[in-house]
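S.K.: One structure follows; several queries about it will come next.
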Amino acid sequence: MALSPIIVRPLASPTEYKLHFEFADQAFSPDPSPTSTQFWQQFVTNQPGFRPEQLRGAFRDGEQLGSYILHERVLRMGAAQLLTGCIGAVVTYPAHRHQGVATALMYDGIDYARLHYHALLLLDGIPKFYHRFGYIDMFDQSIHDIDRAAILAQPLSAHTVRPSTQDDAEGLLALYNRHYCPFTGSFMRTVEQETHRLQHRSPDNPLWLAINSDGHPQGYLSLQSGTDRSQARELATDNWSSALALLRHHARLLDGPAAPSTLHYPLPLTAPALQWMIDHLEVLDTSHWEHPTDEWVVRSQSFHHRDAGCMARLVHLPTLAQALLPEWQTRWRRSLSHWSGDVLLIVGEEQCILRIDGTELHLVDQPASATEAIQLTPQAFIQILFGYRPVAYALDQHGQSIKGNLRSVLNVLFPLGHTWIPGSDWF
């Protein structure tokens, strides 16, 4: 006998909410428990801007089979603000696996995003599943290993370090905006949202602030939850003194016979804090070094695996193009380029047309008759949009040969390497 269809709808009762967070906690928490379940539910449902329709479940004949959360956020991409659906906590309940539940949830997310005029969908995906729904890699994490002894060998900083409180929300938000707003992948935040995050931080793992002599915060450090505190989650600092204060504090937190030799920090390669570490830290005893070019006080690693981790999906090209227009205009004017013509982007079955006239750039409805079309899959477009792949690579992979001047235009509009997702923005 054929099974009844799966219906996806918003969760609508305390019992349905409870089921979602219980199974999500079991699937994703390092130490699931009733306390963890309750904390997660309160954090999600009490956050500013939460709407009940963002918690969605799959049902068959009234029975709840699985569920997910669709966070609605505004992603920054330079001067552009892109309404984005961030999919998290996708869980099929154990008794209903391999019945198409996760597939139904994924298609519901796409339908929801289209209905609500999202430009993009983002998720942090398990390997070899989400690509079948149009998602593609768009960001890989970089972690920097720092020699702990080199940190402790540095002189004391003039800054002091203390745990943050809810009263620090405005200062923390200003630090976050200064250091992460320039990257694609940060999100718009309010003071109320920052306060909410602080309210729900564990007292066992506070967010640490570096304070200058005037009492102003000039840096913060967030550590990963769990037993391994050698791993930072997020770092932002205005100067070397505040960075050093936080680094030394982190190193001292781990004092003892089991202290690790290395601390780990996720940072963009262009982050000033990383450059300061490279400029100031040094290994005191190098007598054991054989090949100095292979040794380090700071070691950077990037982690790559196809169809896993941070992935994105295009929802609707015209919506994205309209939202992205201010950033395209900024990039073009900043490049000081002078070129005139139309850029016809055909992405899957959708298209948009950029008209460039000297220093001005606009969206138009109809291309000039002699316009050369650039055809890309939605996945290739996502990767050049986030600067994950060079334009030349995307074009060559699809056998496209275009004129040199047009390729130069695309390199201005789709620069390489501008994405970073801060740890506090993961979902």
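S.K.: Please compute the per residue accessible area over the chain with all protein chains in place, 1.4 Å probe, rounded to a whole number of Å². Write down the numbers at each step before the final one.
M.R.: Numbers: 20330 Å² over 427 residues.
About 48 Å² of surface per residue is accessible.
S.K.: Rounding to the nearest 20 debye, state how big the charge dipole of region 133-259 is about its Cα centre with +1 on each Lys and Arg Cβ and -1 on each Asp and Glu Cβ.
M.R.: Its charge dipole is roughly 200 debye.
S.K.: Please give the length that would be gained between L254 and D357 if that part of the chain were fully extended, namely 0.36 nm times their separation in residues minus their C-alpha to C-alpha distance (nm, one decimal).
M.R.: So the extension gain works out to 31.2 nm.
S.K.: Out of these labelled values of Kirkwood radius over Cα pairs in Å, (i) 21.7; (ii) 25.7; (iii) 23.9, which was calculated from the coordinates shown here?
M.R.: It is the value labelled (iii).
S.K.: What is the Cα coordinate range of region 313-427 on the first, second and third principal axes, sorted by size from largest, in whole angstrom?
M.R.: 46, 30, 25
S.K.: OK, next. Just subtract the alpha-carbon distance of Q366 and N177 from 0.36 nm times their residue separation and send over the number in nm, one decimal.
M.R.: Values: separation 189, 0.36 × 189 = 68.04 nm, distance 3.81 nm.
Taking 0.36 nm per residue and subtracting the Cα distance, the gain is 64.2 nm.
S.K.: Continuing with this model, one more query. Applying the Karplus parametrisation 6.51 cos²θ - 1.76 cosθ + 1.60 with θ = phi - 60° to the phi angles of region 255-265, what ³J(HN,Hα) value in whole Hz is obtained for each residue in order, glycine and proline being reported as x?
M.R.: Running phi through 6.51 cos²θ - 1.76 cosθ + 1.60 with θ = phi - 60° gives 4, x, x, 9, 4, x, 7, 9, 10, 10, 10 Hz.
S.K.: Using alpha-carbon positions, what is the distance between the centroids of region 176-205 and region 364-415, in Å?
M.R.: Taking the Cα centre of region 364-415 as reference, the centre of region 176-205 is 34 Å away.
S.K.: Separate question: With a 1.4 Å probe and all protein chains in place, put K403, K18 in order of accessible area, largest first.
M.R.: Order by accessible area, largest first: K403, K18.
S.K.: While we're looking at this one, here's another question. For Q397 and F303, what does the FRET efficiency come to when R0 = 30 Å and r is the distance between their Cβ atoms, rounded to the nearest 0.05? Please list the in-between numbers first.
M.R.: On the way: r = 22 Å, r/R0 = 0.75.
Once rounded, the FRET efficiency stands at 0.85.
S.K.: Could you check how much of the accessible area of region 309-386 is carbon and sulfur, as a whole percent, using a 1.4 Å probe? Walk me through the intermediate numbers first.
M.R.: Working: 1710 of 3400 Å².
About 50 percent, which is the carbon plus sulfur part of the accessible surface.
S.K.: Compute the Kirkwood hydrodynamic radius of region 107-215, taking the inverse of the mean of 1/r over all pairs of distinct Cα atoms, and give it in Å to one decimal. Numbers along the way, then the final one.
M.R.: On the way: mean 1/r = 0.0552 Å⁻¹.
When all Cα pairs of region 107-215 are included, the Kirkwood radius is 18.1 Å.
S.K.: Can I ask one more? According to a simple spin-label model (label point 7 Å from Cα along Cα-to-Cβ), what is the distance in nm between Q26 and R51?
M.R.: 3.1
S.K.: Probe radius 1.4 Å, ligands and nucleic acids ignored: give me the carbon and sulfur share of the accessible area of region 22-169 as a rounded percent. Could you put the intermediate results ahead of the total?
M.R.: On the way: 3430 of 6530 Å².
The computed percentage sits at 53.
S.K.: Oh, and also: Among L65, L156, L19, determine the one that fluctuates most according to a GNM of the chain built with springs between C-alpha atoms less than 10 Å apart.
M.R.: Residue with maximal mean-square fluctuation among L65, L156, L19: L156.
The values are calculated or read from the model by the stated rules, or taken from the named source; none is laboratory data. Please read these numbers as outputs of a predicted model, since none were measured by experiment. Cβ sites come from the backbone with ideal geometry, for glycine too, and all protein chains shown count toward neighbours. Areas reflect the complete protein model, heavy atoms only, side chains present, ligands, DNA and RNA absent. Shrake-Rupley method; radii C 1.70, N 1.55, O 1.52, S 1.80 Å.
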